[in-house]
Amino acid sequence: MGLGENLRKAIEKLKNSSELDKAAVKEAVKEMQRALISADVEIALVLKLSREIEEEAFSDLPGSVNRREFVIKLLHDKLAQLLGGASTPPEKPRRILLCGLYGQGKTTSCGKVAKWYSKRGMKVGLIAADVFRPAAAEQLRTVAERAKAQFYSNEKEKNAAKVVAQGLDALKDCDLIICDSAGRSALDGELIKEMQMIDDAFRAEHKWLVIGADVGQVAKKQAQAFHEIVGVNGVVVTRMDGSAKGGGALAACASTGAKVYFLGTGEKTGDLQEFDATRYLGRVMGYGDLQALLEKAQEVTEEEGINAEELLENEFTLETFYQQMKAARKMGPLGKVLDMMGMGAQVPKEISEMGEQKLNKYGYIIDSMTSRERKDPDTLNKSRIARIARGSGTTQENVRELLKNFKKMKKVFRQFSALDTKKFEDGKGINMQKLQKMFTKKKKFKLR
Ligand SMILES: Nc1nc2c(ncn2[C@@H]2O[C@H](COP(=O)(O)OP(=O)(O)O)[C@@H](O)[C@H]2O)c(=O)[nH]1
Ligand SMILES: [Mg+2]
């Protein structure tokens, strides 16, 4: 899909060329240009990047790396820089104002950001300051309920600044207050006036622009315009799940100096990812964003008491299978979680799209097994299967199906856990660069 696959082609060119001379680098740069331009990255930026890579590709080699490694890393680093470098969302923000044009995902993002910070122990409140659209407050109320956040609205009040002042008072025992604002289809005089009023009343230190990935390089104009009005200092790029232009939007934001803190990757409250260009590249270039997965898995662990690292454990038993399926469901659709690990395509549909009911059934079946059967399902003969079906209130068909699916998953996980991830850890967790190197060496692990 889009940017990732095409960038991957550029890297492949570098990996496969027998001699890494100027011509080979040029070839790879061309491939990269194609990828970036079709993701709607501004041409001037693409040309600048290409020039830099071609100029620096043959400078002195540092330490023990070879030319090929050096150029791949150069390409990676330059691309990461183009897309915004490293960034971390503020740790304990007190107030966040979300602004942006109509339909970009402000209201949805209010809920996502609220959930993200409440998972980090903050009490969050939302203010509905979109007084322009009649149904806006109701939409935010639903969003707040889903995110389990406090909520303030006053549908009778048509002055947004007054609603904000009332909201600040009503929600004063919250640690973080997020203000949803109105959008228009264009940044006209009305919207500017209203944004300034809200800004004056809300006095937030964090003012984030919400922008849909589908606007591509136009993001630059929007970011600049909103920056002039309220002083935007962060960005949330939504709809990364459905647009081929995400790369363009990211590069455009980066070129204005605005930090992209989060990506929206779906319509649900949990579909939010911290954005860090290096990790993002690791993922789109096909190495699987292990770090993102572990982070998300960590959150589930805290809620559910499941050992996230088991995902990567060598011994994959029926019990881990069931626990992983349960945990994965909490993290979002299993298919998506596996995608982050770079193994989505290898998992059969009937598993990645398994419904709640079936999973529960599997739970009963596994509960009816002895611990030895769970560890070693090969001991399950006909009479044992009959006993388990009776004990779990299911059918023998169900039991066999579970065993079949378990075997399929075991195969997938075995490939994945052939990697000893401990080797790739540095102080801060898994070191993506080391891991990527490993992937490139291990031909048998299929790159996606
Ligand atoms: N697929 C997808 N849809 C999103 C995302 N964020 C928002 N949306 C959808 O975009 C539409 C507009 O969102 P909304 O929050 O109402 O935009 P607002 O007008 O800026 O407040 C809604 O249909 C949302 O469900 C996202 O990250 N992915
Ligand atoms: Mg809205």
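The values are calculated or read from the model by the stated rules, or taken from the named source; none is laboratory data. Because the structure is predicted, anything quoted here is derived from the model rather than measured. Positions of Cβ are generated from backbone atoms using ideal geometry, with glycine treated the same way; all protein chains shown enter the neighbour counts. Note: accessible area is taken over every heavy atom of the protein model, side chains too, but ligands, DNA and RNA are not part of it. Shrake-Rupley method; radii C 1.70, N 1.55, O 1.52, S 1.80 Å.
Things to note:
- Every condition in (1) within 13 Å of ligand 1 (Cβ to nearest atom); (2) open to solvent by less than 20 Å² (accessible area, probe 1.4 Å); (3) over 16 Å from SER181 (Cβ atoms) is met by CYS99 except one, and the failing one is (3).
- When residues of the range 158-184 are limited to those that are charged (D, E, K, R) and either closer than 21 Å to TRP116 by Cα or more than 16 Å from ligand 1 (Cβ to nearest atom) (or both), the one nearest to the chain's Cα centre (by Cα): ASP180
- Condition check for GLY189: modelled with pLDDT under 90 and surrounded by fewer than 22 Cβ atoms within 10 Å (Cβ to Cβ): yes
- SER109 being among the small types (Gly, Ala, Ser) and open to solvent by 70 Å² or more (accessible area, probe 1.4 Å): no
- Taking the listed residues GLU19, GLU56, the one that is farther than 30 Å from GLY121 by Cα, out of contact with any helix residue (DSSP H, G or I) (no Cβ under 9 Å at 6 or more places or on another chain) and without any contact (Cβ under 8 Å) to a residue 60 or more places away in the chain is GLU19, with no other qualifying.
- Selection within the range 234-256 - open to solvent by 10 Å² or more (accessible area, probe 1.4 Å), within 12 Å of ligand 1 (Cβ to nearest atom) and over 23 Å from ILE96 (Cα atoms): ASP241, GLY242, SER243
- Consider the range 102-129 and keep the residues that are hydroxyl-bearing (Ser, Thr, Tyr) and near ligand 1 (Cβ under 10 Å from one of its atoms). The one that is farthest from CYS174 (Cα to Cα) is TYR102.
- Test: residue in the range 130-149 that is away from ligand 1 (no atom under 14 Å from the Cβ) and touching a residue at least 12 places away in the same chain (Cβ under 8 Å): yes
- Residue tally, condition within 17 Å of GLY167 (Cα to Cα) and away from ligand 2 (no atom under 15 Å from the Cβ), over the range 111-147: 4
- Subset of the range 16-34 (residues that are polar (S, T, N, Q) and out of contact with any Leu (no Cβ under 9 Å at 6 or more places or on another chain)): ASN16, SER17, SER18
- Across the range 216-228, the number of residues qualifying as within 16 Å of ligand 2 (Cβ to nearest atom) and open to solvent by 20 Å² or more (accessible area, probe 1.4 Å) comes to 1.
- Total residues in the range 178-207, condition within 14 Å of ligand 2 (Cβ to nearest atom) and in a strand (DSSP E or B): 4
- Output for the range 168-186, where each listed residue is open to solvent by 30 Å² or more (accessible area, probe 1.4 Å) and of a type in the set (Asp, Glu): ASP169, ASP173, ASP175
- Within the range 259-275, being part of a loop (DSSP other than H, G, I, E, B), out of contact with any Ser or Thr (no Cβ under 6 Å at 6 or more places or on another chain) and more than 8 Å from ligand 1 (Cβ to nearest atom) holds for LYS268, THR269, GLY270, PHE275.
- Scanning the range 44-66 finds one or more residues that are under 31 Å from the mean Cα position of the chain (by Cα), at negative phi and among the hydroxyl-bearing types (Ser, Thr, Tyr).
- Selection status of GLN150, touching a Lys or Arg at 6+ places or on another chain (Cβ under 9 Å), within 13 Å of ligand 2 (Cβ to nearest atom) and farther than 22 Å from ASP200 by Cα: no
- Odd one out for GLY231 among (1) on the phi > 0 side of the Ramachandran plot; (2) at pLDDT 90 or above; (3) crowded, with 20+ Cβ neighbours inside 10 Å; (4) away from ligand 1 (no atom under 14 Å from the Cβ): (3)
- Of all residues in the range 203-228, those satisfying the criterion of being away from ligand 1 (no atom under 14 Å from the Cβ) and in contact (Cβ under 8 Å) with a residue 60 or more places away in the chain are ARG203, ALA204, GLU205, HIS206, LYS207, GLY216, GLN217, LYS220.
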